[in-house]
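The values are calculated or read from the model by the stated rules, or taken from the named source; none is laboratory data. What you see is a predicted model; the values in this text were computed from it and never measured. Methodologically, a virtual Cβ is constructed for each residue, glycine included, from the backbone with ideal geometry; neighbour enumeration extends over all protein chains shown. Accessible surface areas use protein heavy atoms only, side chains included; no ligands, DNA or RNA. Shrake-Rupley method; radii C 1.70, N 1.55, O 1.52, S 1.80 Å.
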Amino acid sequence: MATAVSIYRSASTGLHPAAYRTRLSGSSDDLSVLIALAPERANTTYRNPLIDYACAGPELPSGLVATAQRTRKN
């Protein structure tokens with residue numbers, strides 16, 4: 001069975017849906033997918049606003065948000 005990360009890696013726009021799902025649902029799983037996919041996007045102009053948008057989601061664990069914010073710098 002494919003994992004969420006492998007499913008989103010197969011789609012060229014996987015980062016975008018993961019960011020929006022995280023923001024809307026506050027899903028830690030979706031934020032984890034976003035964190036896993038972010039390093040694959042070298043275009044920080046596209047990647048960083050999506051990370052910021054996702055991290056504003058409701059009730060996300062602060063440690064996971066901090067990890068996502070660190071991916072902005074890499």
Inset, instruction - Mind giving me the nanometre distance, one decimal, between the label points for A42 and Y20, set 7 Å out from Cα along Cα→Cβ? - result: 2.7 nm
Legend entry - Ranking by accessible area, most exposed first, for V65, V33 with a 1.4 Å probe: V65, V33
Inset, instruction - Report the net charge of residues surrounding A54, where surrounding means a beta-carbon distance below 14 angstrom and charges are Lys +1, Arg +1, Asp -1, Glu -1. - result: +2
Legend entry - Summed side-chain charge close to R70 - residues other than R70 whose Cβ falls under 14 Å, Lys, Arg +1, Asp, Glu -1: +2
Legend entry - Charge context of T44, other residues only, Cβ under 15 angstrom, K/R +1, D/E -1: +3
Legend entry - Approximate spin-label separation K73-S28, in nm, with each point projected 7 Å along Cα-to-Cβ: 2.4 nm
